1. Once label points are set 7 Å from the Cα along Cα→Cβ at both GLU50 and HIS142, what is their separation, rounded to one decimal in nm?
2. Determine, for THR164, THR43, the number of other Cβ atoms within 10 Å of each Cβ, and report the residues in order from fewest to most.
3. Of LEU139, LEU71, LEU163, how do they rank once you tally other Cβ atoms within 10 Å and put the fewest first?
4. If each residue's Cβ is checked for other Cβ atoms within 10 Å, how do ARG162, ARG82, ARG58 rank with the fewest at the top?
5. Place a +1 charge on the Cβ of each Lys and Arg in segment 29-158 and a -1 charge on the Cβ of each Asp and Glu, then give the dipole magnitude about the Cα centre in debye, rounded to the nearest 20.
6. So how much slack lies between MET64 and LYS120, counting 0.36 nm per residue of separation and subtracting their Cα-Cα distance, in nm?
7. Over 22 Å between Cα atoms, which of LYS31/LYS120; LYS105/LYS167; LYS87/LYS125; LYS87/LYS119; LYS31/LYS68 qualify?
8. For GLU103 paired with THR43, estimate the spin-label separation in nm (one decimal), with each label point 7 Å from Cα along the Cα-to-Cβ line.
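Just so you know, all these numbers are worked out from the coordinates, no wet-lab data involved. Fair warning: this is a prediction, and the values are worked out from it, not measured in the lab. Positions of Cβ are backbone-derived with ideal geometry, glycine not excepted, and every protein chain shown enters the neighbour counts.
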Amino acid sequence: MKNLSNGVPMIQSRDGPTRPAGDEQEHMDSKAHIQIRLISDPTYLCGVREMVASVARRLGFDDMDCSKISLALDEALCNVIRHGYAKAFDKPIWIGITPLEPEGKSPGGITIVIEDEAKKVDPCKIIGRHLEDIKPGGLGVHIIREVMDHVRYEPRETIGMRLTMSKRVVREENPPRLRDHLPGFARKGDAASKRV
């Protein structure tokens, strides 16, 4: 840590400019319930995916939606590493996770914010390749938009980009029950026993 003549503490990052100490606080919304800072090394993506899927499960998502949310997160982080940081494995990425409040028939949901210090991009130019072009890769943006209910890309004030993704838990009016699908499982008097 260095000090400027005006007394403001400064931090010199390995490859970046000197910046005020505590500047990391600008990277995450202070309302996020969970904040993660990691470097852009793909080694850590598995752990982040598992943690987010576990949090989503605790917020009421079923296993399929938890898998979809962690897939969207993985695609977003891979895009930051591959395109934003040109595969550099030592750049910062911040992830914020916040539960959504209940609304209508939804008991809640999840908002995930990913921030980086990569080059700024016009959000209108963040599009996946044409789906008719059949080849591996290039579907991350499509997957993210398909899986999540709300997706917003935006440049950050100083440097880098911010991706905000959210998804609500959907509850069916009459969810299927195990006993509805297993012969002989229904009890006498159950509505299911009349259907068997």
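1. Reported label-point gap for GLU50 and HIS142 is 3.1 nm.
2. Details: THR164 17, THR43 9.
Result, fewest neighbours first: THR43, THR164.
3. By the 10 Å Cβ count, ascending, the order reads LEU139, LEU71, LEU163.
4. Numbers: ARG162 20, ARG82 14, ARG58 11.
Fewest to most other Cβ atoms nearby, the residues stand as ARG58, ARG82, ARG162.
5. Numbers: 18 positive and 21 negative charges, 51 e Å.
Dipole size: approximately 240 debye.
6. On the way: separation 56, 0.36 × 56 = 20.16 nm, distance 3.31 nm.
Separation in residues times 0.36 nm, less the Cα-Cα distance, equals 16.9 nm.
7. Numbers: LYS31/LYS120 24 Å; LYS105/LYS167 14 Å; LYS87/LYS125 20 Å; LYS87/LYS119 13 Å; LYS31/LYS68 24 Å.
Long pairs (Cα-Cα over 22 Å): LYS31/LYS120; LYS31/LYS68.
8. For GLU103 paired with THR43, the spin-label model returns 3.9 nm.
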